[in-house]
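So the structure is just underneath, and the comments pick up after that.
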Amino acid sequence: MPKIVNARVIITSPGRNFVTLKIECDDGTTGVGDATLNGRELAVASYLADHVVPCLIGRDAHRIEDVWQYLYKGAYWRRGPVTMTAIAAVDTALWDIKGKLAGLPVYQLLGGASREAVTVYCHANGTSIDDTIAAALEYQQQGFRAIRLQCGVPGMASTYGVSKDRYFYEPADGDLPSESVWNTSRYLRIVPELFKAAREALGWDVHLLHDIHHRLTPIEAGRLGKDLEPYRPFWLEDATPAENQEAFKLIRQHTSAPLAVGEIFNSIWDAKDLIQNQLIDYIRATVVHAGGITHLRRIAAFADLYQVRTGCHGATDLSPVCMAAALHFDLSVPNFGIQEYMRHTPETDAVFPHAYSIEGGMMHPGDEPGLGVDIDEELAKGYEYKPAFLPVNRLEDGTMYSW
Ligand code: KDG
Ligand code: MG
């Protein structure tokens, strides 16, 4: 058996903070797992180093399911983003090791490829509708067939999804949380205009997506869905906060716009009612925050029973290790829908050398054994951790609101 002899928690900040777990076996085989929880990185690092790593030493690296159950059931304190991110990192690293020992890319161990490559959506954003359309046209020319559109809301100093940098999105921006201001009625007016302009400029052969980022009530989301229906959105993401899964019934009663939810979910229990009542069309849970490849496969298998497809979160705060793992999952899973893609900075890509590639709007995990991604620990040492918080959001009268 490949015995686990060491596991290191590596914190590095090549452009942004990342936490990585590297597990080592007695024959020298190593595997990596992403453990990054944006804005709460050190909580997961401590959970891993203090409570998980000591329990891994001496275990059989092949027993992925047993280790998963041990960490989940054995913790007593089940679920939650910190615990599930830590479990995900272990699980991902063990799949990487299994692939390397088998001499096969992980997607082959998951049943093999169900498609030739993975369709991704990219991000077009701008402070105005015109800027956003110009960015979207560029992506369309590069071959992307699915584009998320976000634009500034007139009168608001900043808007979710509109990054300060044209190419690199970075929401965590301060050593204390910065504050944004929100106005729902202005937002509800601008988005249909954005989609109208997008269809005029980009035509109908491209999928258009939008992220509401938990900022509407169910009835407001129903209104927006109705207004966007003529432009055939691919999905509306995080229309309303999903703690109350029943809230989506109200949205469904008012619009046929497809709904996507789940980037902040950490287990199947967050999505159970949404899926079995067919209140959503896409489940956005991803490897790093939802318990790793093992648990994400369980979520996808359950979702498949209800014709709900996957749409893994893929923002830049998920490291290339998570991206690689997501691509192996995406390539194999029967009910794949789409994968989010945001480019990492060159510094991030250098610290995490990877075999995955992108061509036009399609990605492939590559055919290296394991996940085909690693961390250059020497290079990583040069990028010290910097505290960085996600912003918070208030209404114009000062009321705290969802970010
Ligand atoms: O860390 C938070 C980001 O990953 C999130 O705000 C990005 O909503 C997001 C998305 O859809 O990529
Ligand atoms: Mg989102």
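Inclusion of Pro171 among residues that are within 28 Å of Gly222 (Cα to Cα), open to solvent by less than 40 Å² (accessible area, probe 1.4 Å) and modelled with pLDDT under 95 is warranted. Of everything in region 204-235 that's within 14 Å of Ala247 (Cα to Cα), part of a loop (DSSP other than H, G, I, E, B) and not β-branched (Val, Ile, Thr), which residue is farthest from ligand 1 (Cβ to nearest atom)? Result: Leu216.
Right, Ala303: more than 16 Å from ligand 2 (Cβ to nearest atom), free of Cβ contacts under 8 Å to residues at least 60 places away in the same chain and open to solvent by less than 10 Å² (accessible area, probe 1.4 Å) or not? Judged against the criteria, Ala303 is a match.
Taking the criterion of being more than 16 Å from ligand 2 (Cβ to nearest atom) and open to solvent by 10 Å² or more (accessible area, probe 1.4 Å), the residues of region 208-242 that qualify are Thr217, Pro218, Ile219, Glu220, Arg223, Lys226, Asp227, Glu229, Pro230, Tyr231, Arg232.
Could you please let me know if Gly39 is in contact with a Phe, Trp or Tyr (Cβ under 9 Å, 6 or more places away or on another chain), within 16 Å of ligand 2 (Cβ to nearest atom) and not hydrophobic (A, V, I, L, M, F, W, C)? The answer is yes for Gly39. Arg189 - would you say it is more than 22 Å from the chain's Cα centre (by Cα), open to solvent by 60 Å² or more (accessible area, probe 1.4 Å) and more than 15 Å from ligand 1 (Cβ to nearest atom)? Yes. Per the listing Ile338, Ile375, the residue uniquely at pLDDT 95 or above and under 14 Å from the mean Cα position of the chain (by Cα) is Ile338. When region 246-272 is limited to residues that are small (Gly, Ala, Ser), open to solvent by less than 20 Å² (accessible area, probe 1.4 Å) and out of contact with any Pro (no Cβ under 9 Å at 6 or more places or on another chain), the one that is farthest from Tyr231 (Cα to Cα) turns out to be Ser267.
When Ile87, Ile147 are checked against the criterion of being crowded, with 23+ Cβ neighbours inside 10 Å, touching a Phe, Trp or Tyr at 6+ places or on another chain (Cβ under 9 Å), assigned by TED's automatic domain parsing to the domain that holds Leu42 and closer than 23 Å to Glu263 by Cβ, a single residue qualifies: Ile87. When restricted to residues that are part of a strand (DSSP E or B), of a type in the set (A, V, I, L, M) and in contact (Cβ under 8 Å) with a residue 60 or more places away in the chain, region 96-129 contains 2. Looking across region 378-388, the residues that are surrounded by 16 or more Cβ atoms within 10 Å (Cβ to Cβ) and at pLDDT 95 or above come down to Ala380, Tyr383.
Results for (1) away from ligand 1 (no atom under 16 Å from the Cβ); (2) more than 27 Å from Arg16 (Cα to Cα); (3) among the small types (Gly, Ala, Ser), shown as yes or no for each residue.
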position	(1), (2), (3)
Gly292	yes, no, yes
Arg298	yes, yes, no
Gln339	no, no, no
Thr345	no, no, no
Asp349	yes, no, no
Ala355	yes, no, yes
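If only residues of region 278-296 that are more than 25 Å from Gln108 (Cβ to Cβ) and more than 14 Å from ligand 2 (Cβ to nearest atom) are counted, the one that is least open to solvent (accessible area, probe 1.4 Å) is Leu279. Cβ contacts < 7 Å: first residue of a type in the set (Lys, Arg), restricted to region 210-239; second residue within 15 Å of ligand 2 (Cβ to nearest atom) and not in a helix (DSSP H, G or I), any location; separation 6+ or different chain. Result? Pairs found: Arg215/Ser402.
Within region 26-35, the set of residues being open to solvent by less than 20 Å² (accessible area, probe 1.4 Å) and either of a type in the set (Phe, Trp, Tyr) or farther than 16 Å from Pro369 by Cα (or both) comprises Asp34, Ala35. For region 150-192, a residue qualifies if it is within 16 Å of ligand 2 (Cβ to nearest atom), within 19 Å of Leu228 (Cβ to Cβ) and part of a loop (DSSP other than H, G, I, E, B), and the qualifying residues are Thr159, Tyr160, Gly161, Val162.
Okay, residues lined up against (1) basic (Lys, Arg); (2) within 16 Å of ligand 1 (Cβ to nearest atom); (3) part of a helix (DSSP H, G or I):
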{"residue": "Ala303", "(1), (2), (3)": "no, no, yes"}
{"residue": "Gly314", "(1), (2), (3)": "no, yes, no"}
{"residue": "Leu331", "(1), (2), (3)": "no, no, yes"}
{"residue": "Glu368", "(1), (2), (3)": "no, no, no"}
{"residue": "Leu379", "(1), (2), (3)": "no, no, yes"}
{"residue": "Lys386", "(1), (2), (3)": "yes, yes, no"}
{"residue": "Trp403", "(1), (2), (3)": "no, yes, no"}
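Residue check: Gly39 meets all listed conditions (1) surrounded by fewer than 20 Cβ atoms within 10 Å (Cβ to Cβ); (2) part of a helix (DSSP H, G or I); (3) of a type outside the set (S, T, N, Q) but one, namely (2). Applying the set (1) in a helix (DSSP H, G or I); (2) in contact with a Leu (Cβ under 9 Å, 6 or more places away or on another chain) to Ala134 leaves exactly one unmet item: (2).
The values are calculated or read from the model by the stated rules, or taken from the named source; none is laboratory data. Quick caveat: nothing in here was measured; it's all calculated off a predicted structure. Using ideal geometry, Cβ is built from the backbone for each residue, glycine included, and neighbour counts are taken over all protein chains shown. To get the accessible areas, we keep the full protein, side chains included, count just its heavy atoms, and leave off ligands, DNA and RNA. Shrake-Rupley method; radii C 1.70, N 1.55, O 1.52, S 1.80 Å.
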